[in-house]
1. Assuming R0 = 30 Å, can you tell me the calculated FRET efficiency for the pair GLU114 and ARG204, based on Cβ-Cβ distance, to the nearest 0.05?
2. Mind pulling the per residue volume of the convex hull built on the Cα atoms of the chain? Å³ is fine.
3. Once amide H atoms are built 1.01 Å from N in the peptide plane, which residues 5 or more positions from ILE190, or in another chain, come under 5 Å H to H?
4. Cα-Cα over 32 Å: which of LYS136/LYS227; LYS86/LYS227; LYS80/LYS227; LYS150/LYS210?
5. Efficiency by 1/(1 + (r/R0)^6): what FRET value for THR10 and ASN147, r their Cβ-Cβ distance, R0 = 25 Å, to the nearest 0.05?
6. Select from ARG118, ARG186, ARG174 the residue whose mean-square fluctuation is largest in a Gaussian network model of the chain (Cα-Cα springs shorter than 10 Å).
7. What residue among ASN109, ASN46, ASN134 shows peak mean-square fluctuation when the chain is described by a Gaussian network model with Cα springs under 10 Å?
8. Looking at the chain as a GNM with Cα springs under 10 Å, which of GLY23, GLY47, GLY205 has the largest mean-square fluctuation?
Amino acid sequence: MTQRAKTGITGLDEMLNGGFLPGSAVLVEGAPGTGKTTLGIQFLYNGATLYDEPGLLISFEEFPYALYRDAESHGWDLHKLEDENKLRVIFTSPQVFLSSLQSPVSPLNRTILEWDVRRIVLDSVTHFTRLTRNPKELRDIYTMVINGLKREGITSVLTSEGKTLGLRASEQSRLAFVVDAILLMRYVEIESAMQRAMIVLKMRGSEHAKEIRCFEIRQGGIFITDKFEGREGLLTGSPRRIMMDAGVR
Ligand SMILES: Nc1ncnc2c1ncn2[C@@H]1O[C@H](COP(=O)(O)OP(=O)(O)OP(=O)(O)O)[C@@H](O)[C@H]1O
Ligand SMILES: [Mg+2]
């Protein structure tokens, strides 16, 4: 079996049958605050510290100080990894990123080659929708980005706020066709409490868990916990307990 790109996230590698396939593009989709950036940073941090895989974090949105501060709150010292040439955080715009990706001599491409970068996180690809209103052009942009990232067998995580599972065929959903794997992160309301849920929706070329799992975000990042036993409708937004017997509701 090929060596997987392990996330190092408790429970997630098991859901992924060992980790992401190396060289694959993974879409991590969820509403604001579901934990997409946390998952991305944790993937890079663990890659750099546990698996000897240098990474790049391309951020289109957060203010630098907020990103470092949030990482710090989990115990991840990103400055230290940058000093050790194991991680680089780049704050840029979708336009600049696209042109850097296409130019062999750009600092981005030089870093990828010189450091032998193995992992890239793009946070978030939703910003590419600002570049064009034409769905075909947007799909071409996504394809260009994904092919650009795959060149050196790099494993990439692309975060997105769009609804892949939505009813309307939105522009975002086009992305679902060009990526190799999709992870959904969702809020679910159960008995008046908000819980976090994750599911592997697709994973080309690999077995993966099919069930919806709960997760927590606490110091140290994301921790996958239990299955949502005996519930249905979780992803459609109206979870209800499956009738087990006449006395249970
Ligand atoms: N140190 C921490 N301890 C506990 N929970 C935390 C910690 N840091 C972040 N969180 C939780 O994680 C959530 C934010 O996660 P994150 O920024 O990864 O979400 P996101 O999906 O990237 O959001 P957005 O779409 O707004 O970028 C916070 O709302 C908070 O609930
Ligand atoms: Mg975020």
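All of the numbers you see were taken from the coordinates with simple rules; none came from a lab. Small disclaimer: the values here were computed from a predicted structure and weren't measured. Note that we place each Cβ from the backbone using ideal geometry, even for glycine, and neighbour counts take in every protein chain shown.
1. Here the calculated transfer efficiency is 0.50.
2. Hull volume normalised by residue count: 131 Å³.
3. Sorted by chain and number, the residues that satisfy this are GLN195.
4. Exceeds cut-off: LYS136/LYS227; LYS86/LYS227; LYS80/LYS227.
5. Taking R0 as 25 Å, the efficiency between THR10 and ASN147 is 0.20.
6. Taking springs between Cα atoms under 10 Å, the residue moving most is ARG174.
7. ASN134
8. GLY205
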